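Just below is one structure, and these are the notes that go with it.
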């Protein structure tokens with residue numbers, strides 16, 4: 001029996017003993033939202049400690065099947081107990097705080113993608129054995145904000161190793177530390193990545209709140225594939241400080257949850273200026289609305305919105321589930337009062353979507369090497385200090401890192417780069433022009449509030465422009481495999497995207513809990 005498997009079994013035994021003593025198993029938390037949890041906290045039917053125990057039990061039972069979680073936080077119960085004590089003090093008649101200490105995420109457990117650093121007893125490894133045991137100097141910027149909001153850090157979620165930037169063919173939701181993530185709806189279906197574990201965990205009720213990261217599709221794709229809500233914020237709206245990087249132009253951190261409301265709770269907590277990511281967060285902070293984002297959770301949020309349907313995305317054969325369902329969903333959008341404009345062309349779409357021909361891969365490789373080496377150099381301790389060290393580690397551990405299966409071609413290409421030179425600068429200018437002349441111009445010319453596409457198919461178009469999107473569950477295809485619908489817009493369009501995504505979610509109520517079905521494709 002592996003050491004990791006033994007640890008999970010021991011954890012399960014401990015959790016079950018505590019749970020039985022604490023009465024947490026009597027509380028039916030499956031599919032509970034952040035608002036449900038806060039109601040339970042406030043009426044005394046639930047404590048943070050009980051909630052953490054529930055999720056630890058759920059992880060111990062499901063993780064051997066789903067491989068969504070890499071490790072749980074040994075201090076999670078202590079954090080939960082502290083949150084409970086803070087809530088009791090705030091509710092005391094003699095308290096001067098009158099309950100004001102406890103916001104929407106206070107006492108709520110959060111799972112973090114394992115590329116988001118925490119200064120505690122958890123590892124931060126991007127799923128790689130090469131970083132196991134490394135020590136960060138401080139919490140990531142978004143983690144610092146979550147702790148300030150009173151959230152409990154429950155653990156680290158699995159991911160495509162190195163956020164799917166090690167190999168051209170991708171690792172399909174696998175990492176050396178976390179194993180192969182599995183779709184909780186149909187276990188043989190692709191879970192997508194790179195924020196694989198975050199989406200699986202949210203879908204399977206292993207946590208209500210999770211965080212993912214995206215460079216190009218890494219929040220939107222797993223959210224669509226696992227029937228959850230993912231918000232890809234405008235680049236810079238959330239700090240990237242303390243997150244294992246790929247690209248300072250495209251990286252962003254966002255929530256993955258079961259509902260739009262829950263995702264917005266998280267977004268409100270994590271946005272804002274960070275001196276350690278000053279340039280990007282200072283500029284994007286101008287987009288943050290006074291009063292936060294929850295004010296845009298409007299049931300009539302589709303009314304009067306101009307929504308574009310670009311050509312090249314809804315190419316499903318007539319009679320297929322996706323073709324039928326998406327047509328029904330677009331009809332729903334119209335019935336909710338939106339103006340739907342079809343047959344729109346994004347200029348140079350084929351070039352934008354071909355990351356090899358548009359040069360995106362060239363720039364990303366150079367940015368990755370430089371950014372990763374900077375991240376590694378800032379660690380208090382690390383067994384590796386450069387991309388070259390990681391390549392050497394993988395070569396020395398070919399079985400554990402599955403070099404025969406996946407290789408490390410992107411790593412090798414990145415290691416041969418020498419920074420952002422004339423070629424890379426020219427490519428960046430080309431990408432900026434493709435974005436400006438493409439989706440940005442289309443939305444401005446047509447005065448669009450959003451475009452709608454299936455799943456994450458528009459991710460590269462959004463990525464090169466640093467633009468936001470929200471994906472919402474849309475339906476279930478062959479054998480019950482989920483698919484989503486994506487609302488994308490210009491930088492700073494989060495308020496109107498939230499209005500539309502929430503109204504769509506409330507009008508359709510598509511999401512259902514997973515059944516862990518077996519099947520063969």
Checklist entry - Which condition does residue 323 not pass, out of (1) assigned to a helix (DSSP H, G or I); (2) within 28 Å of the chain's Cα centre (by Cα); (3) in contact (Cβ under 8 Å) with a residue 12 or more places away in the chain, if it passes all the others? => result (3)
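Yes/no per residue for (1) over 23 Å from residue 127 (Cβ atoms); (2) at pLDDT 95 or above; (3) out of contact with any helix residue (DSSP H, G or I) (no Cβ under 7 Å at 6 or more places or on another chain); (4) surrounded by 15 or more Cβ atoms within 10 Å (Cβ to Cβ):
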{"site": "344", "(1), (2), (3), (4)": "yes, yes, no, yes"}
{"site": "352", "(1), (2), (3), (4)": "yes, no, no, yes"}
{"site": "379", "(1), (2), (3), (4)": "no, yes, yes, yes"}
{"site": "385", "(1), (2), (3), (4)": "no, yes, no, no"}
{"site": "394", "(1), (2), (3), (4)": "no, yes, no, yes"}
{"site": "399", "(1), (2), (3), (4)": "no, yes, yes, no"}
Checklist outcome for this item: Conditions (1) within 28 Å of residue 53 (Cα to Cα); (2) buried (at least 24 other Cβ atoms within 10 Å of the Cβ); (3) in contact (Cβ under 8 Å) with a residue 60 or more places away in the chain -> residue 205 fails only (2)
Next on the checklist: Filter the range 414-460 down to the residues that are crowded, with 21+ Cβ neighbours inside 10 Å, part of a loop (DSSP other than H, G, I, E, B) and touching a helix residue (DSSP H, G or I) at 6+ places or on another chain (Cβ under 6 Å) and list them by number.
Outcome noted: 449, 455, 456
Next on the checklist: Any residue at all in the range 94-105 that's surrounded by fewer than 23 Cβ atoms within 10 Å (Cβ to Cβ), more than 22 Å from residue 251 (Cα to Cα) and at pLDDT 95 or above?
Outcome noted: no
Next on the checklist: Please pick out the residue among 475, 480, 484, 489 that is under 17 Å from residue 189 (Cβ atoms) and crowded, with 24+ Cβ neighbours inside 10 Å.
Outcome noted: 484
Checklist entry - If a residue has to be under 16 Å from residue 411 (Cβ atoms), under 17 Å from the mean Cα position of the chain (by Cα) and surrounded by fewer than 21 Cβ atoms within 10 Å (Cβ to Cβ) to count, how many in the range 145-183 make the cut? => result 0
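The values are calculated or read from the model by the stated rules, or taken from the named source; none is laboratory data. Keep in mind it's a predicted model, so treat the numbers as computed, not measured. No Cβ is skipped: glycine too gets one built from the backbone with ideal geometry, and neighbour counts run over all protein chains shown.
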